[in-house]
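Here the structure is laid out as structure tokens; the discussion comes afterwards.
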């Protein structure tokens, strides 16, 4: 009898232990901390003419490039070590930034900095110097191919209005349309609002010579550069 009771008791104890083991709750895994984003400092190179060089708004800090430099510095926690190298020179055309152009300010020089992106701002000098829209677009295509081979992002601004003769202004309008068509999302709009319907500079943005854009115009250009997230 006792032996039977012991057997029953042992069976109950084992059953209790098994039941407890089955009810054990495994501890929840400790969540892993989110990975910290680490990116190398980026270099942005500007190729262009007088607008990018800073002619028109007065102090260089008021130009769209100057404002961009200030923006990166003011947001240094976000843009750690990012820099802008400005190779623009007044009077230059797209031919001056080709591999056969100015060796200190052309696409070859720009790529030597191993940039993250290149911004091309060649608004009107090709047309003003008698070059065709096709000439400039062909040059842009060659520059784009060189940037692509080096895995460099290329941004292109539209043309800008200028007090040229009627034929010249029509070509600037055509150039802007072609740039928008070919480069799409990589285009920065330096035409809308700044231009009158006939291709001359709107009085609000005219630096006074019918050629260059004033400080409010450069502020608008800068806002469009930021709006396109060029530096993000």
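From 117, 88, which residue is within 19 Å of the chain's Cα centre (by Cα), under 23 Å from residue 173 (Cα atoms) and surrounded by 17 or more Cβ atoms within 10 Å (Cβ to Cβ)?
On the way: 117 fails: under 23 Å from residue 173 (Cα atoms).
When all the criteria are applied, what remains is 88.
Among the residues of the range 194-214, those identified as surrounded by fewer than 17 Cβ atoms within 10 Å (Cβ to Cβ) and farther than 15 Å from residue 123 by Cα are 196, 197, 198, 202, 203, 204, 208, 209.
When residues in the range 138-156 are screened for being under 25 Å from residue 229 (Cβ atoms) and either touching a helix residue (DSSP H, G or I) at 6+ places or on another chain (Cβ under 6 Å) or part of a helix (DSSP H, G or I) (or both), 13 of them pass.
Of everything in the range 172-193 that's in a loop (DSSP other than H, G, I, E, B) and surrounded by fewer than 21 Cβ atoms within 10 Å (Cβ to Cβ), which residue is nearest to the chain's Cα centre (by Cα)?
Restricting attention to the range 172-193, the residues satisfying the condition of being in a loop (DSSP other than H, G, I, E, B) are 189-193.
From the residues that got through so far, the ones that are surrounded by fewer than 21 Cβ atoms within 10 Å (Cβ to Cβ) too are 189, 192-193.
On the way: 189: 13, 192: 19, 193: 21 Å.
Residue satisfying both the conditions and the ranking: 189.
Here residue 159 fulfils each of the conditions (1) loosely packed, with under 15 Cβ neighbours inside 10 Å; (2) in a loop (DSSP other than H, G, I, E, B) apart from (1).
Results for (1) in contact (Cβ under 8 Å) with a residue 12 or more places away in the chain; (2) closer than 21 Å to residue 206 by Cα, shown as yes or no for each residue.
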position	(1), (2)
114	yes, no
119	yes, no
131	yes, no
138	no, no
147	yes, no
156	yes, no
159	yes, yes
165	no, yes
178	yes, no
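None of the figures in this text is laboratory data; all of them are computed from the coordinates on show. Computed from a prediction, not measured in an experiment: that's the story for all the values here. As a convention, Cβ positions derive from the backbone with ideal geometry for all residues, glycine included, and neighbour counts pool all protein chains shown.
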